[in-house]
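These notes are about the structure you will find just below.
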Amino acid sequence: MKIAKLAVDGSDTWALHQDEAWHALTRSLDALLGEPDLAAAARDSVGGRLCRATDVAPRPGAAPHFLAPIESQEAWAAGVTYERSQEARKVEAGGADYYDRIYASERPEIFFKATRSRAVGPGGAVGIRADSRWNVPEPELALVLNRDLDVVGFTIGNDLSSRDIEGENPLYLPQAKVYDRCLGLGPVIVTRDEVPDPLNLEIRLRIVRDGGTVFEGRTSTAQLNRGLEELCGYLGRCSSHPLGAILLTGTGVVPPDAFTLAPDDVVVIGIDGIGELTNTVTTVPARASTMR
């Protein structure tokens, strides 16, 4: 079952895909994630038919089109969950061994990423910081969690990262990760029952510049160093999420160290069984009052 947030006739509407069409839901994602079973809650909330599935475009400006599938939920992310990420973090940190310790430690790295206002849906422009020289996308399987932090669905996440800021000092991680347009999300939420083995999904990344592919890579969630329930458990330690949450599970695809994103690049992320998330890239300007 697929659930999406659609812009239709000037309104944002949560919708369910069935019978080759999108049907409006009478409840928002906030309400749906208050139930133990997302799929059952969505089926019980189906309203009228919105549009044919083929009429929905993955870009702003077209009507109807997909929006980032997030409401009042916080988006969090796990780091250093793949060996490739561990290697990349060590390079950007000048060989420091604390990322080795994170990779092997009992407690995973989990950090706050975004709320709805900083999330970008399919076809929108994700951001790179104007005060950073080294920016990369991070393609990730994103878990959709209910209020009890059970995994009830999946979507695609792009955890944009400023590697030079993060590498300069690990205490700068929030600045490297959290800023306007820092998260790509979508296009849909696929319910848990439609993904029989979430630890056996191929994740693909392609970056296009001036019409040509400048980077392409892939990995599998089979390479994750942490269990999904383990990550959810640590997210919920001493922290409640009554409206559910989104949890990105880390990246196993990192472009070469000489690569950085540029404005107007196109980032395409595909995950088996979920779909494809495509975003352009724009520069997020530094406010004049913050530049001293």
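Would you mind telling me which numbered condition in (1) over 16 Å from Ala68 (Cα atoms); (2) free of Cβ contacts under 8 Å to residues at least 60 places away in the same chain; (3) buried (at least 19 other Cβ atoms within 10 Å of the Cβ) Val46 fails?
Here Val46 clears every test but (3).
Can you go through Thr278, Thr219, Thr282 and tell me which one is under 24 Å from Ile3 (Cα atoms), hydroxyl-bearing (Ser, Thr, Tyr), assigned to a strand (DSSP E or B) and assigned by TED's automatic domain parsing to the domain that holds Phe111?
Just a single option satisfies the conditions, and that option is Thr278.
Is it the case, given these coordinates, that Val144 is in contact with a Ser or Thr (Cβ under 8 Å, 6 or more places away or on another chain) and buried (at least 23 other Cβ atoms within 10 Å of the Cβ)?
In short, yes.
Filtering region 226-274 down to residues that are outside any loop (DSSP other than H, G, I, E, B) and charged (D, E, K, R), which residue is surrounded by the fewest Cβ atoms within 10 Å (Cβ to Cβ)?
So, considering only residues that are outside any loop (DSSP other than H, G, I, E, B) and charged (D, E, K, R), the one surrounded by the fewest Cβ atoms within 10 Å (Cβ to Cβ) is Glu229.
Pick from region 106-134 the residues that are of a type in the set (D, E, K, R) and at pLDDT below 95: which of them is farthest from Leu243 (Cα to Cα)?
Glu106
Any residue in region 50-70 that is part of a strand (DSSP E or B) and either closer than 20 Å to Ala114 by Cα or of a type in the set (S, T, N, Q) (or both)?
There is at least one residue in region 50-70 that is part of a strand (DSSP E or B) and either closer than 20 Å to Ala114 by Cα or of a type in the set (S, T, N, Q) (or both).
Kindly indicate whether any position in region 75-83 is over 22 Å from Asp193 (Cα atoms), in a helix (DSSP H, G or I), modelled with pLDDT under 95 and assigned by TED's automatic domain parsing to the domain that holds Ile165.
yes
So if I check each of Val144, Val208, Val190, Val126, which one is in a strand (DSSP E or B) and either among the polar types (S, T, N, Q) or over 20 Å from Ile70 (Cα atoms) (or both)?
Val208
Using beta carbons and a limit of 8 Å, which pairs, at least six apart or on different chains, have the first residue in region 133-161 and in contact (Cβ under 8 Å) with a residue 24 or more places away in the chain and over 14 Å from Ala77 (Cα atoms) and the second one among the hydroxyl-bearing types (Ser, Thr, Tyr) and buried (at least 24 other Cβ atoms within 10 Å of the Cβ)?
Going by the 8 Å Cβ cut-off, the qualifying pairs are Trp134/Ser162; Asn135/Ser161; Asn135/Ser162; Val136/Ser161.
Just one of Asp44, Asp30 is over 23 Å from the mean Cα position of the chain (by Cα), closer than 17 Å to Val152 by Cβ and modelled with pLDDT of 95 or more; which is it?
Unique residue meeting the criteria: Asp44.
Quick check on Leu16: is it under 23 Å from the mean Cα position of the chain (by Cα), in a strand (DSSP E or B), crowded, with 19+ Cβ neighbours inside 10 Å and touching a residue at least 60 places away in the same chain (Cβ under 8 Å)?
It is false that Leu16 is under 23 Å from the mean Cα position of the chain (by Cα), in a strand (DSSP E or B), crowded, with 19+ Cβ neighbours inside 10 Å and touching a residue at least 60 places away in the same chain (Cβ under 8 Å).
The values are calculated or read from the model by the stated rules, or taken from the named source; none is laboratory data. From a predicted model like this one, the values you see are computed outputs, not experimental measurements. As a convention, Cβ positions derive from the backbone with ideal geometry for all residues, glycine included, and neighbour counts pool all protein chains shown.
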